[in-house]
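The values are calculated or read from the model by the stated rules, or taken from the named source; none is laboratory data. For clarity, every value in this text was computed on a predicted model and none was experimentally measured. Counting neighbours? That spans all protein chains shown, and the Cβs are built from the backbone with ideal geometry, glycine included. When the accessible area is computed, the model is the full protein with side chains, heavy atoms only, and any ligands, DNA or RNA have been set aside. Shrake-Rupley method; radii C 1.70, N 1.55, O 1.52, S 1.80 Å.
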Amino acid sequence: MATWLKDAIFYEIYPQSFYDTNGDGIGDFNGITAKLDYIKSLGCNAIWMNPCFDSPFSDAGYDVRDYKKVAERYGTMEDIENLFAEAHKRDMHILLDLVPGHTSEEHAWFTESKKAEANEYTDRYMWTDGWLCGGAGLNYIAGETPRNAAYIVNFFKCQPALNYGVLNPTERWHKSMYDPACIATREAMKDVCRFWLDKGCDGFRVDMADSLVKHDDANKSGTVAVWQDILGDIHAEYPESAFVSEWGKAEQSIKAGFDMDFYLDWMGNGYNSLVRDYEAHLNAFASLPEYLDDSTENNSFFKADSKGTCDHFIDEYMGRYEQIKDKGAIALITGNHDTTRISYGLSEDELKLTYAFFLTMPGNPFIYYGDEIAMNFRSMASKEGGFTRTGSRTPMQWTSGTNMGFSSAPADKLYLPVDPAEDAANVEASEADQNSLLNTVKALTSLRHSQADLLDKSNLEIISRKPLVYKRGNLLLAVNPKNTDTQSRKLAELTGDAKVIYSIAINGTQPGIADGVITLPAQSFIVISC
Ligand code: NOJ
């Protein structure tokens, strides 16, 4: 595993909305370079940048037209190489976003593949064997191409699925995973990895990593085998490269060779039970931001006045954690470009306790840009295939000035509008306010960097669920997110030597230890060195 990963805290950047240096209303590479010192000041020493490759942007760049070319709107190849170099100078690392499951329908491979005449790319994508033949349980598009066949899509219509073969072919058009055409797809993806690692990136977040082998791969053994091959080679050639999967089942993805897997925001899962446990009918992808208002019941564990518990999270997380802790890690995210910002449902005080938990758990934490200031602009008209995700992708709010310091372009030229609210949060004001969420984030990242026990990814023990007490080596940590009661517990670990090294007291009453008992007033967090 890459040595730099041990101490990495990631900051996710949606490049189009981060910082615009050339006044065209769209964020760019030079904007990220200009803000590296800010990111470092937060305590984040690693970055995941969403796709920045040539693309028609029907899915915000997750529709890649050329894997080896940067999108002009973000700058030049020189600019991105400069970004890598400037990051490395600061001992920071950058993950790009690898999209291996599909390309844009405008990618040259697809333009060739859809031709009626056979050529080198004929089997680079999954095609059926007739213009009206469906995809045997897979989504397909018919009637669009000269070729007498329909193609399988991986996500939107514009994203034809690359062909990694199927585990057990049952249709005439199924190719085996070991067919030379499917092996060629794998090799093409290795080539993309090498290209960018040679340019200076430090690894990849991998989009829909679990989606490669289609049909009859319910336990993902086919997809795992493909990744073992790809990552086996790349890790051997680039031992300092890191790969983080969008998969959501660490027991599979870590076996596949990933260093880390995201705990994704699947509706009703353990992660959402902590921060987005809204009434059941609200589906995050379908309709959440429009329907979420003050009357919406929010039963999240970190909602101060809710009855939500941490049970679902602990059961689900620990089930996976115990299986992977010696080989890889599970990454907790404050949010991402697909999720509803948790600030829609949690106040800044509630977020302080939430982040305290996320930043002291095993695995490298990911902070989504703007979450450090609780940006919470609501949903709006869809942009580049964003739909209800669009509200989480608005320009970063740097200052209270023009376009909130994001860009000097006229407001109607901005990638998306900036939050028009009078009291919209911004970095400048948050930095100046000692009590801000941003300053709490800084304190928490600095705590994490300073404690070897917090960097050891395999030492987590859950001691109690109410209050939530967890142990990381010689550290005991506890949180009471509720505003109703003081929670306390007698703990054998609390001997005479135990001392408090960090705490958060939202209401001013400090949590503490006395006579072997830990006491957590309403809305408090404590870290004890034993
Ligand atoms: C997951 C990405 O995070 C999302 O933004 C994208 O739309 C789909 N994969 C398709 O690539």
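Matching residues to (1) within 15 Å of the ligand (Cβ to nearest atom); (2) assigned to a helix (DSSP H, G or I); (3) open to solvent by less than 10 Å² (accessible area, probe 1.4 Å); (4) not aromatic (Phe, Trp, Tyr):
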| residue | (1), (2), (3), (4) |
| --- | --- |
| Ser343 | no, yes, no, yes |
| Phe357 | no, yes, yes, no |
| Pro362 | no, no, yes, yes |
| Arg389 | yes, yes, no, yes |
| Pro395 | no, no, yes, yes |
| Ser408 | no, no, no, yes |
> Quick one: is Tyr11 buried (at least 20 other Cβ atoms within 10 Å of the Cβ), outside any loop (DSSP other than H, G, I, E, B) and either among the basic types (Lys, Arg) or in contact (Cβ under 8 Å) with a residue 12 or more places away in the chain (or both)?
Replying inline: yes
>> If I go through the stretch 169-225 residue by residue, how many of them are within 16 Å of the ligand (Cβ to nearest atom) and at positive phi?
In response: 1
>> Please pick out the residue among Val64, Val99, Val70 that is of a type in the set (Val, Ile, Thr) and in contact with a His (Cβ under 7 Å, 6 or more places away or on another chain).
In response: Val64
> Residues of the stretch 59-75 being closer than 21 Å to Lys413 by Cα and more than 10 Å from the ligand (Cβ to nearest atom), which ones?
Replying inline: Ala71, Glu72, Arg73, Tyr74, Gly75
> So which pairs qualify, if the first residue must be in the stretch 363-383 and without any contact (Cβ under 8 Å) to a residue 40 or more places away in the chain, the second must be open to solvent by 40 Å² or more (accessible area, probe 1.4 Å) and not β-branched (Val, Ile, Thr), the Cβ gap must be under 8 Å, and the two must be at least 6 apart or on different chains?
Replying inline: Met380/Pro417
> Which members of the stretch 397-406 meet the condition of being part of a loop (DSSP other than H, G, I, E, B) and either surrounded by 20 or more Cβ atoms within 10 Å (Cβ to Cβ) or not β-branched (Val, Ile, Thr) (or both)?
Replying inline: Gln397, Trp398, Ser400, Gly401, Phe406
> Is it the case that some residue within the stretch 367-375 is open to solvent by 10 Å² or more (accessible area, probe 1.4 Å) and out of contact with any Ser or Thr (no Cβ under 6 Å at 6 or more places or on another chain)?
Replying inline: no
> If you check Ser450, Ser458, Ser446, Ser529, which single one turns out to be more than 25 Å from the chain's Cα centre (by Cα), at pLDDT 95 or above and small (Gly, Ala, Ser)?
Replying inline: Ser529
> Looking at the stretch 406-424, is at least one residue within 13 Å of Ala374 (Cα to Cα), in contact (Cβ under 8 Å) with a residue 24 or more places away in the chain and small (Gly, Ala, Ser)?
Replying inline: yes
> Can you pull out the residues in the stretch 192-213 that are buried (at least 20 other Cβ atoms within 10 Å of the Cβ) and without any contact (Cβ under 8 Å) to a residue 60 or more places away in the chain?
Replying inline: Asp210, Val213
> Quick check: is even one residue across the stretch 58-67 among the acidic types (Asp, Glu) and farther than 30 Å from Ile183 by Cα?
Replying inline: no
>> If I ask for residues that are in a loop (DSSP other than H, G, I, E, B), in contact with a strand residue (DSSP E or B) (Cβ under 6 Å, 6 or more places away or on another chain) and farther than 23 Å from Leu476 by Cβ, which ones from the stretch 364-382 would you list?
In response: Tyr369
> Of all residues in the stretch 465-511 being closer than 17 Å to Thr309 by Cβ and at pLDDT below 95, which is most open to solvent (accessible area, probe 1.4 Å)?
Replying inline: Thr484
> Looking at the stretch 493-501, is at least one residue under 31 Å from the mean Cα position of the chain (by Cα) and not hydroxyl-bearing (Ser, Thr, Tyr)?
Replying inline: yes
>> Which condition from (1) assigned to a strand (DSSP E or B); (2) open to solvent by less than 40 Å² (accessible area, probe 1.4 Å); (3) in contact (Cβ under 8 Å) with a residue 60 or more places away in the chain is the one that Ile462 breaks?
In response: (2)
>> Could you check the stretch 34-52 and list, in sequence order, the residues that are surrounded by 20 or more Cβ atoms within 10 Å (Cβ to Cβ), away from the ligand (no atom under 11 Å from the Cβ) and under 27 Å from Asp412 (Cβ atoms)?
In response: Lys35, Met49, Cys52
> Limited to the stretch 99-125, what total is found for residues that are crowded, with 19+ Cβ neighbours inside 10 Å and within 16 Å of the ligand (Cβ to nearest atom)?
Replying inline: 10
> Does Asp59 satisfy being under 19 Å from the mean Cα position of the chain (by Cα), surrounded by 24 or more Cβ atoms within 10 Å (Cβ to Cβ) and farther than 27 Å from Leu5 by Cα?
Replying inline: no
